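Student: Right, I'll just put the structure down here and ask away after.
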Amino acid sequence: MRASSRLPDRVRTPSTILAYDIETIAPRLKDGSFPPWPTHRPVAIGFAEARNRGGDWTFDIEAMVVAGDTSEADLVRAADQRMAKVDTVTSFNGAQFDALVLRLAAQRERLWELKALAGHAATPRYSGEHADLADLYASFGRKVGLAAICDQIGIPVKTDVAGSDVAALWQAGEAERIRLYVMEDAVATMCLYLAWSASRAGDEALVTRPMAALARHIQAMRDLQHLHAFIDCALMRWCRPRALRADVAAALEQITAKLRREEDERAFATA
Amino acid sequence: MTIDTVALSTAWIHQPARGKRPARTLLVGAATLTCRYRFGSLGFDLAAHSTTVTDDPAETMAWLADWLHIPPERLLLWRAEDIVVPSLISACQTARDTITAAKLLRELDLSMDSEVIDVAESHGGSAASSFDAVAHGAGLPFRPMTLTSLGEAHRTGCHGAIRKHLASRAVNTWRLWLNSRGGAESLIAATDAWVATPDAEVRP
């Protein structure tokens, strides 16, 4: 069979990636259907940010919930600040829900200076600037849920709470459980993005090395204990030994290039 | 040909940049415990190498590369991902002897075909307590060495202290791994018996 001659598009490795997810509440509809997006108010937002510096991946994971001193405006501002700092923003169905809800919330709060969020929400669906994994995995066809895809790849998701539980938890005042849940979804989205980008670029190191770094980050941070399912998941168990090998292979490649350079310099000096 | 299991421990010193000299990581010591299982009996081989201030800094790298030349079936490390392998990579990347560094990286790369086990994983991974604390908790005898005393041993040419410390770590890495496995009683007994013999003294 002839290999595809089509070059992978938009598969440059971004050095900074932001995966985010929001949780919302909305008035229930009589027929039980999903309320229209403008009626949703964001009550929590989760961020998983990955930075790659020369193959060393670092992570910053955070979630906020509207409670105490934290308002809806704080959520929206935090989203804008984080989006402004990264090369790539990824989400699951964010292009048709999360980004629209956040943009509307910004306008409701009279926050007009949030350029990064406005730019993100205005990204055309097919432009590729916003890596909406719901669209990418379905090739812009019929979408499925995050869990349906993560289950197949071995990424844990919705281990304690599901999206349908959020309204009840919110009413019960269980803001902390919502915060932990949205954080878990953001991390799952990040893992899925890494799997997607590795598959698209045909380079397993794009998933193995950042996943191993993610495991170390979760292990090292005491406040991320609830994310330990990611350390034991099938994808992580596959990635970690390969990441170690990829680290050594990358270093070997660098030093081989250095040796070659030194040889060239010696040859030049003796010529 | 492969050998069964190698437990590896290493020691390094990070030298900050000074003047025109860039920062570098010096691999100042390494120890290997090789465990071979043949015809129903277990054989051990403990070896260590160190480099101090008057030695060629590439010597331990060359020694370790030779030890890894025949890749083990199984390589046991403590904090492989975030400490041992990154420090070996850093030592190679900052070494002035590029050829020796490339040789070590190549052997390390081939060793990655083996089953690489991070023994720290069963003790919390990167959040694990210090190696000595875990060894102490498991009731294993250990030879502690702080970064300061390692630096002092390196400065004063005290090879014995570095080698004995690393040899003890390699043996304890093997023993901690055995403890984490079920049904390893006979191997634990064989290890205990070997440790009590003069053969368990580190071979330079």
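Table: residues versus (1) on the phi > 0 side of the Ramachandran plot; (2) in contact with a helix residue (DSSP H, G or I) (Cβ under 9 Å, 6 or more places away or on another chain); (3) open to solvent by 40 Å² or more (accessible area, probe 1.4 Å); (4) away from every other protein chain (no Cβ under 13 Å).
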| residue | (1), (2), (3), (4) |
| --- | --- |
| B:THR52 | no, yes, no, yes |
| B:GLU59 | no, yes, yes, yes |
| B:ALA65 | no, yes, no, no |
| B:ILE99 | no, yes, yes, no |
| B:SER114 | no, no, no, no |
| B:VAL134 | no, yes, no, yes |
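Student: Okay, next question. Of all residues in region A:87-144, count the ones that are in contact with a strand residue (DSSP E or B) (Cβ under 7 Å, 6 or more places away or on another chain), more than 21 Å from A:TRP196 (Cβ to Cβ) and open to solvent by 60 Å² or more (accessible area, probe 1.4 Å).
Tutor: Of the residues in that region, 0 qualify.
Residues checked against (1) away from chain A (no Cβ under 14 Å); (2) modelled with pLDDT of 95 or more; (3) assigned to a strand (DSSP E or B); (4) closer than 21 Å to B:ASP109 by Cα:
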site	(1), (2), (3), (4)
B:LEU8	no, yes, yes, yes
B:HIS14	yes, no, yes, no
B:ALA30	yes, yes, yes, yes
B:ARG36	yes, no, yes, no
B:LEU42	yes, no, yes, no
B:VAL85	no, no, no, yes
B:GLN93	no, no, no, yes
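Student: Here is a further query. For B:ILE70, state whether it is at pLDDT below 95 and either within 11 Å of chain A (Cβ to nearest Cβ) or assigned to a helix (DSSP H, G or I) (or both).
Tutor: When the stated conditions are applied, B:ILE70 does not pass them.
Student: Can you name the residue in region A:242-271 that is buried (at least 16 other Cβ atoms within 10 Å of the Cβ) and in contact with a Ser or Thr (Cβ under 7 Å, 6 or more places away or on another chain) and is also nearest to B:ALA102 (Cα to Cα) among such residues?
Tutor: Checking each candidate, the answer is A:ILE255.
Student: Return the only residue of B:SER149, B:SER186, B:SER180, B:SER129 being surrounded by fewer than 18 Cβ atoms within 10 Å (Cβ to Cβ) and within 14 Å of chain A (Cβ to nearest Cβ).
Tutor: It is B:SER129.
Student: Looking at region A:156-165, can you tell me whether even one residue there is in a helix (DSSP H, G or I), within 14 Å of the chain's Cα centre (by Cα) and within 26 Å of A:ILE231 (Cβ to Cβ)?
Tutor: Checked region A:156-165: no residue is in a helix (DSSP H, G or I), within 14 Å of the chain's Cα centre (by Cα) and within 26 Å of A:ILE231 (Cβ to Cβ).
Student: Can A:ARG82 be described as open to solvent by less than 50 Å² (accessible area, probe 1.4 Å), farther than 30 Å from A:GLN254 by Cβ, of a type outside the set (Gly, Ala, Ser) and out of contact with any helix residue (DSSP H, G or I) (no Cβ under 6 Å at 6 or more places or on another chain)?
Tutor: yes
Student: Tell me yes or no: at least one residue of region B:52-63 is part of a strand (DSSP E or B) and touching a residue at least 60 places away in the same chain (Cβ under 8 Å).
Tutor: no
The values are calculated or read from the model by the stated rules, or taken from the named source; none is laboratory data. None of the values given here were measured: they were computed from a predicted structure. When we count neighbours, we look across all protein chains shown, and the Cβ atoms used for this are built from the backbone with ideal geometry, even at glycine. Just so you know, the surface numbers come from the protein's heavy atoms only, side chains and all, with ligands and any DNA or RNA stripped out. Shrake-Rupley method; radii C 1.70, N 1.55, O 1.52, S 1.80 Å.
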